[in-house]
1. Using amide H atoms built 1.01 Å from N in the peptide plane, name the residues 5+ places from T78, or on other chains, whose amide H lies under 5 Å from its own.
2. Keeping all protein chains in place, calculate the accessible area per residue for the range 57-148 (probe 1.4 angstrom), answer in Å².
3. For E119, what accessible area in Å² do you get when you roll a 1.4 Å probe over the heavy atoms of the protein chains, rounding to the nearest 10?
4. Probe radius 1.4 Å, ligands and nucleic acids left out: which of W56, W63 has the largest accessible area, and how do the rest follow?
Amino acid sequence: MRATAMLSIVALSSCASANPVPGRPTPDETVRIVGPGRTIELTTSPTVAARVETVWYPLYQVWRVLPAVYDSLAIPVTSLDTANHVIGNAGIKLRRRLGNVPLTRYLDCGDSQGAPSAETYEIHLSILTRVEPGASGSTTVATTIEASGKPVTLSGEYVRCSSTGTLESHLVSTLKAQLQR
């Protein structure tokens, strides 16, 4: 039974998604499982998946409005690579909200104290968007979110949070609305 449980943990922890943003290596994560009489360490190499959507506007128009989109989402732009068309913020610290939106709408950090942890944790968020020319004058928009959080009032380590996909969708819908102006 224990061997089955361990194999399940190994299988789940090794699952990874495709479409990482190039140039952004994700660090390995080591998990220690302590059981009666032995300890097992598992090292995983997670890959963060980019949420990819197509907008039917040329690249130069999309690139021109992206800083305003980030501003409207209350995300300060700290990374701007015009050669590769990558924009975003690689390290913003947040508590409870991003702009006027509760972080629980955007992130899932588990539920360790009776409420969603994204509501009470200090969150370290990285969000980067890369745009590339697509077919027939369209543009491909790939947004990657990496987040981790830790308790504010208790000592604890950062834990990995996952995106709900809502922030990436909101970014693209805001982008489309600004392009239609």
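The values are calculated or read from the model by the stated rules, or taken from the named source; none is laboratory data. Fair warning: this is a prediction, and the values are worked out from it, not measured in the lab. For accessibility, only protein heavy atoms count, side chains too; no ligands or nucleic acids. Shrake-Rupley method; radii C 1.70, N 1.55, O 1.52, S 1.80 Å.
1. Under 5 Å from the amide H of T78 lie the amide H atoms of G88, N89, A90, each far enough along the sequence or on another chain.
2. Values: 4260 Å² over 92 residues.
Accessible area per residue: 46 Å².
3. Rounded to the nearest 10, that gives 80 Å².
4. Working: W56 175, W63 45 Å².
Greatest to least solvent exposure: W56, W63.
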